[in-house]
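K.L.:
I have a structure I would like to understand better, so I am pasting it below and will then ask my questions one at a time.
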Amino acid sequence: MWLMTDQFAQPYQRIVQDVLDQIRLGRLKTGDKLPSTRELAAHYDVAPGTVQRALSELRSSKAIYSQQGLGSFVRQSDADTAPAPASIEALAQQLAELTSRVEMLERQKSQQD
């Protein structure tokens, strides 16, 4: 279930990325409880302090929240925060405008050569 991605990242960064991937893939959903620090440390074969740092990063990025004595929970999954169709349309419009500008600049450059 949990994998350590990107072998060149620091261990806490790999844990952060793995949790974010689990959320993105829908394996962890809003309100799901994460394993305990001790369980995560054993799973990833790292010190509990490394897991604490990863959890702190995830809390800072608002991916999870923690409740004293209860554990850490997924705040919101990607599916819950999917962009609204209007946002997608606005991005598509911006992309079209940028594409036009790039094409115009390329034509100008080729005329100068």
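K.L.:
Pull out all pairs, ordered by first then second residue, where Cβ-Cβ is under 9 Å, the residues are six or more apart or on different chains, the first lies in the range 93-113 and is on the phi > 0 side of the Ramachandran plot and modelled with pLDDT of 90 or more, and the second is surrounded by 10 or more Cβ atoms within 10 Å (Cβ to Cβ) and part of a loop (DSSP other than H, G, I, E, B).
P.N.:
none
K.L.:
What number of residues within the range 16-63 are among the basic types (Lys, Arg) and touching a residue at least 24 places away in the same chain (Cβ under 8 Å)? Outline the logic, then answer.
P.N.:
Narrowing the range 16-63 to residues among the basic types (Lys, Arg): 24, 27, 29, 33, 38, 53, 59, 62.
Next cut, touching a residue at least 24 places away in the same chain (Cβ under 8 Å) only: 24, 27, 29, 33, 53.
Looking only at that region, the number is 5.
K.L.:
Which members of the range 36-60 meet the condition of being in contact with a Ser or Thr (Cβ under 9 Å, 6 or more places away or on another chain) and not in a helix (DSSP H, G or I)?
P.N.:
Across the range 36-60, the qualifying residue is only Ser36.
The values are calculated or read from the model by the stated rules, or taken from the named source; none is laboratory data. Here the structure is a predicted model, which is why all the values come from computation and not from measurement. Positions of Cβ are backbone-derived with ideal geometry, glycine not excepted, and every protein chain shown enters the neighbour counts.
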